[in-house]
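As structure tokens, the structure follows; a few thoughts come after it.
The numbers here are math on the coordinates, done by the rules we state, and not lab data. Not measured: the values here are computed from a predicted model. Every residue, glycine among them, receives a Cβ derived from its backbone with ideal geometry; neighbour counts consider all protein chains shown.
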Amino acid sequence: MRDIDKLINQYKEILNEIKQLPEAKVTEKNFRMAGIISDLITRFSTDSKKTVIVGGLSVNYYTEGEYATQDIDIIARINQKIEDILKELGFVKTSGRHFSNDDLKIYIEFPSEPLEADPSRLVHIETQDGFQVSVIGLDDILIDRIRARVNWKEGIQTKWIRQLWTKHKNRFDVEYIEEKLKNEELKFFKQLKSAYEDIHQTAVGRNEKFKMELDILYEEQENRVFYDISPLDNNLILILAPESYGEETGEFGRYFAMSFYPVLNVFMCDEFVDEFVEIADNPIVGVTLEEAIDFIKTIQQKDLKQNIKATNNYEALIKLLRNV
């Protein structure tokens, strides 16, 4: 038997094991497949030093499996020999640099752009099959997610940026990150730091944390209870609930705003959001947490009368308030 045939049979044995893995083992499945790809590149590509796992699988690695993905994004220069072996392993070239194996539920992309990361920051790991794989560095994947959030308006990235930061806060090279980020990207990163630094119990920190967590809640809500969330005057966070629009009355749901800086306060807004009126008897003192929650519960009940879906995420908002 030729050496190439032995190698392909070895790969197929691994893929047969992968196929038997339960769905919960998707991380193991993807990294074992990435190991096969890395071995292929090392053997048959002239550019093997640039083989790096990026994208969602790298986020999966750094969040310890919390980020779920079936995609493998790996920067590498492939050739016809590698494509032929992938085909032998059951993969179909779907377009350009995309390959899929529906039976295994594995989807591979070889991004065409060069690696936008510091090679010295790569993390090198060994799969259980003995293959070596490299993963984009922690600092660089955070930079990548921030750029996706700011420049491509991918709101869901906020959650994973938060996860990366809170899990690995003491490992980040802040100076390197701030050097790479520009304009709004850098502004977002500084807000992230402010929200989750040890001093977050200060008024400014709580406000930043609340905005960040509220952004995540907005992206995850099932029925769009909160129509929009906008930071106003750097401190106020506007919350609207027009899912509760009443067709019979022609009235929108409640508009209100909140702020933790300089004190916790809740504001009612008029229809055109031109004026904010504090609910506190003394705006300088603000309201207590329980007073704010009681106010939200009142809004919740009013919106419930117009549209039953409007109540679904108020409880999540109240839980968020208690945790901030």
What distance in nm separates the two pseudo spin-label positions at Glu88 and Glu315, each 7 Å out from Cα along the beta-carbon direction? 5.6
Per residue, the convex hull enclosing the alpha carbons of the stretch 140-196 has a volume in Å³ of 70
How high is the relative contact order of the stretch 89-161, in percent, with contacts defined as C-alpha pairs under 8 Å that are six or more residues apart? 16
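What FRET efficiency would be calculated for the residue pair Gln128, Ser95, taking the C-beta separation as r and a Förster radius of 22 Å, to the nearest 0.05? Working shown, then result.
On the way: r = 31 Å, r/R0 = 1.42.
Calculated value: 0.10.
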Set the Förster distance to 25 Å, then compute FRET efficiency between His168 and Glu23 from the Cβ-Cβ distance, nearest 0.05. 0.40
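Using only Cα atoms, figure out Rg for the stretch 3-136 and give it as a multiple of 2.2 N^0.38 Å.
Working: Rg = 13.7 Å, N = 134, 2.2 N^0.38 = 14.1 Å.
Ratio of Rg to 2.2 N^0.38 Å for the stretch 3-136: 0.97.
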Placed amide H near Asp73: partners under 5 Å, 5+ positions off or other chain: Val54, Gly56, Leu57, Glu109
Would you please give the residues with an amide H less than 5 Å from that of Ile106, counting only those at least 5 places away or on a separate chain, with H modeled from the backbone geometry? Asn101
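Once you have the Cα-Cα distance between Asp281 and Asp102, take 0.36 nm times their residue separation minus that, and quote the gain in nm to one decimal. Intermediate values should be presented prior to the final figure.
Values: separation 179, 0.36 × 179 = 64.44 nm, distance 6.19 nm.
Taking Asp281 through Asp102 to full extension adds about 58.2 nm, to one decimal.
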Would you work out the charge dipole size for the stretch 140-196 about its Cα centre, treating the Cβ of every Lys and Arg as +1 and the Cβ of every Asp and Glu as -1, and quote it to the nearest 20 debye? 300
In whole Hz, with x marking every Gly and Pro, tabulate ³J(HN,Hα) for the stretch 114-121 from phi via Karplus 6.51 cos²θ - 1.76 cosθ + 1.60, θ = phi - 60°. x, 5, 9, 6, 7, x, 6, 9
Would you work out which of Phe99, Ala117, Thr63 lies farthest towards the positive end of the dipole of the stretch 60-131? Charges go on Cβ: Lys and Arg +1, Asp and Glu -1. Phe99
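Tell me, Met33, Met212, Met268 in order of fewest to most beta-carbon neighbours within 10 Å?
Values: Met33 28, Met212 22, Met268 15.
Placing the least packed residue first, the sequence is Met268, Met212, Met33.
Going by how many other beta carbons lie within 10 Å of each one, how would you line up Leu57, Leu21, Leu217, fewest first?
On the way: Leu57 24, Leu21 14, Leu217 19.
Fewest-to-most ranking of Leu57, Leu21, Leu217: Leu21, Leu217, Leu57.
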The Cα extents of the stretch 29-107 along the principal axes, largest first and rounded to whole Å, are 35, 29, 20
To the nearest 0.05, how large is the calculated FRET efficiency for Asn16 and Glu291 if R₀ is 51 Å and r is the Cβ-Cβ distance? 0.25
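Please identify every one of the GluC sites (Glu not before Pro) in the stretch 93-192 that sits in a loop by DSSP and has no more than 14 other beta carbons within 10 Å of its own beta carbon.
Working: sites: Glu109, Glu116, Glu126, Glu154, Glu175, Glu178, Glu179, Glu184, Glu185; in loops: Glu116, Glu154.
Passing sites in the stretch 93-192 are Glu116, Glu154.
When the chain is fully extended, how far beyond the present Cα-Cα distance does Glu219 get from Gln80, taking 0.36 nm per residue of separation? Before the final figure, lay out each step's value.
Numbers: separation 139, 0.36 × 139 = 50.04 nm, distance 4.14 nm.
Taking Glu219 through Gln80 to full extension adds about 45.9 nm, to one decimal.
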For Lys187 and Asp47, extending 7 Å from Cα along the Cα-Cβ vector and measuring point to point gives, in nm, a value of 3.6
Calculate the spin-label point distance for Glu66 paired with Ser120, positioning each point 7 Å from the Cα along the beta-carbon direction, and give it in nanometres. 3.0
